[in-house]
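The values are calculated or read from the model by the stated rules, or taken from the named source; none is laboratory data. Everything numeric here is computed off the predicted structure, so don't read it as measured data. So basically every Cβ, Gly included, is an ideal-geometry build from the backbone, and we count neighbours across all protein chains shown.
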Amino acid sequence: MAHDLVIKNGTVIDGSGSPGFEAEVAIDDEKITAIGKNLGSGKKEIDAKGHVVAPGFIDSHTHMDAFVVQYPNGNPVVNYGVTSIVIGDCGASCAPVPSKPEPRKVLVEYLRRVLDKYVDDKDWKWNTYAEYLNYIEGHIAVNCLPLMPHSPVRLTVMGEAAYEREAKPEELDAMKKMVREGMELGAIGFSTSPRGGPAIHAGTPSTFANHDEIVELANVAAEYNGCFQFNGFQMMLQPESGVPEMLKRIRGLQIGNEFRQRPGQKADAPRAIAYMEEAQKRGQQLFGVVIPYTHIRRFTINDCFFLNGLPTWESIKNSSDLKSKLGDKEIRRKLEQERIAGSGKPEFPEWHAWDRMVFEQIEKPELKKLEGKNVAEIARLTEKAEVDAFFDTWLEDNLKSQCVYHGLANAHQDLLAQMIQSDTSLIGTDVGAHLDRFFWHGAPVKVLGYWRREKHLMSLEQAVHKLTGFPAEKLRLNRGLLREGMPADVTIFDADKIDDLVSEKLPAIIDAQEVKRHPPGMKAVIVNGQTVVEDRGINEVFPGKVRRQQLCV
């Protein structure tokens, strides 16, 4: 009898880190039923000649809670080979929904701030956590690994007091009950954003919780072998924050976001790796989410962040004759000297080089030839000093150009390579947050293409393991490997061609068009035995699972 699906002629890289081998893969219903030679025919067959057959990639950090409702096919990550995503990160989600109008309004405004303006409760066809899971179950193409989010839980239990004070004992008991119910419904853990984390989360409900509350709620999840996810990763290195001691009191897997190099804090990257390694030796399962990209910052004359705080810039930026002042080469020299020296109170404490600065959008037609070029390239073309090339181009475009700086974080490529390679890191995309600048949905293929193929950071087998078997083991998933009897989550790609798209050209925003772009080299993506992506097309099938009981060991 024919198998439901047979993948033929491919190189199997099974997710364990072991060497690849030539084999066929047979799939029946939702499971891999055979791996080997001459497996017979399939009702459907995929010719994977010249391609790698690997487990589906696992995205360890997203904010796709509402995205999977808006884009149920799993865009934009499924296009890049992702078959399983973690949702409910950082204590933020669209469920549970508070019953009272004011806390509900606070939840929506909070999500619009920490995620983006697309969040709209008119789209919510649920109130409770159970109703949310029921709503997406059977209607999404990728597997969702949901976390119980602290802020919505707090708002649901405490109402307006959730963003005013610490919880009373009876309120904490009610939250523990809600987390327990969430775990029994299928959550994989509990998430929060503690006080002192990223500024954008300041004043959100979870930041009013003390560490005792966080520990109590996280350890309810741990009773179910659930994980604990937290924002404000950098506080792990700050004893005065109390976070290191808090983490020692929490049982089970701990995942901090985001493990990044912050401007002016270069030494913290190796410090963080060493800290997590020592914690793991003590038996503390502590990991950090790494985005394998250098962060960007877009800016115009109205927000010239890399000059803000420099004495000369502060003295001229609001002047009526700013153009003439910026044309003054002596003023330019002062700005350049102050920037290098870090004079005054610079908003941005770290600078790398003018080749990180790109003229992304230029208004004047006669200057369009410079669009997309960095300042160092323009300097060579115009035979000018880089600082003059920057200001001259800006002035010639009447200060209307939009620029982008590559290096807001993760600017040191050697350190980023260490972070990616480290066994203390999990790869994530952060998809669903800040759609005008978080362009990291191609993270898995960034690892496979740029970091593996171009930078030779790791072998193909190691890169696949980093995206599949490694996170699956840490998250206790029953997938991440190609093995007979395991769920058939499979990605088929050309290792020589696979590449992300955003590194070539940044999108303006993650919109309905951007989420549909397919990277070169991605042949097919299979979720629970059903072909979701094939030859740059999306199939209207929705085999994704949403509960821990289905997805975890």
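A few remarks follow.
- Members of segment 389-414 that are crowded, with 18+ Cβ neighbours inside 10 Å and in a helix (DSSP H, G or I): Ala389, Phe390, Phe391, Asp392, Thr393, Trp394
- Residues in segment 80-97 that are assigned to a loop (DSSP other than H, G, I, E, B) and surrounded by 23 or more Cβ atoms within 10 Å (Cβ to Cβ): Gly81, Gly88, Ala92, Ser93, Cys94, Ala95, Pro96.
- Residue match in segment 496-514 (condition: within 21 Å of the chain's Cα centre (by Cα), farther than 20 Å from Ile7 by Cα, in a helix (DSSP H, G or I) and assigned by TED's automatic domain parsing to the domain that holds Leu253): yes
- Taken together, the residues in segment 327-368 that are closer than 29 Å to Ile509 by Cβ, among the charged types (D, E, K, R) and outside any helix (DSSP H, G or I) amount to 5.
- Flag for Arg356 being of a type in the set (D, E, K, R) and crowded, with 17+ Cβ neighbours inside 10 Å: yes
- The condition of being of a type in the set (Val, Ile, Thr) and over 30 Å from the mean Cα position of the chain (by Cα) holds for only one of Ile27, Ile85, Ile32, Ile58, that being Ile27.
- Selected residue (criterion: farthest from Lys545 (Cα to Cα)) from residues of segment 101-140 that are more than 22 Å from the chain's Cα centre (by Cα) and of a type in the set (Lys, Arg): Lys105
- Restricting attention to segment 274-312, the residues that are in a loop (DSSP other than H, G, I, E, B) and either touching a Ser or Thr at 6+ places or on another chain (Cβ under 8 Å) or surrounded by 14 or more Cβ atoms within 10 Å (Cβ to Cβ) (or both) add up to 15.
- Within segment 27-46, considering residues that are under 16 Å from Ile13 (Cα atoms) and without any contact (Cβ under 8 Å) to a residue 40 or more places away in the chain, the one surrounded by the most Cβ atoms within 10 Å (Cβ to Cβ): Gly36
- Only one of Gly529, Gly521 that is out of contact with any helix residue (DSSP H, G or I) (no Cβ under 9 Å at 6 or more places or on another chain) and at pLDDT 95 or above: Gly529
- Some residue of segment 36-46 being out of contact with any Asp or Glu (no Cβ under 9 Å at 6 or more places or on another chain), of a type in the set (Asp, Glu) and either in a loop (DSSP other than H, G, I, E, B) or modelled with pLDDT of 95 or more (or both): yes
- Residue match in segment 331-344 (condition: of a type in the set (S, T, N, Q), surrounded by fewer than 21 Cβ atoms within 10 Å (Cβ to Cβ), in contact with a His (Cβ under 9 Å, 6 or more places away or on another chain) and in contact (Cβ under 8 Å) with a residue 24 or more places away in the chain): no
- Residues of segment 246-271 satisfying the condition of being among the small types (Gly, Ala, Ser), out of contact with any Lys or Arg (no Cβ under 9 Å at 6 or more places or on another chain) and not in a loop (DSSP other than H, G, I, E, B): Gly256
- Looking at Val86, Val52, just one residue is assigned by TED's automatic domain parsing to the domain that holds Ile492 and of a type outside the set (Gly, Ala, Ser), and that residue is Val86.
- Among the residues of segment 328-352, the ones that are basic (Lys, Arg) and within 33 Å of the chain's Cα centre (by Cα) come to 2 in all.
- Test: Ala495 is buried (at least 20 other Cβ atoms within 10 Å of the Cβ), in contact with a Gly (Cβ under 8 Å, 6 or more places away or on another chain), closer than 19 Å to Gln418 by Cβ and aliphatic (A, V, I, L, M): no
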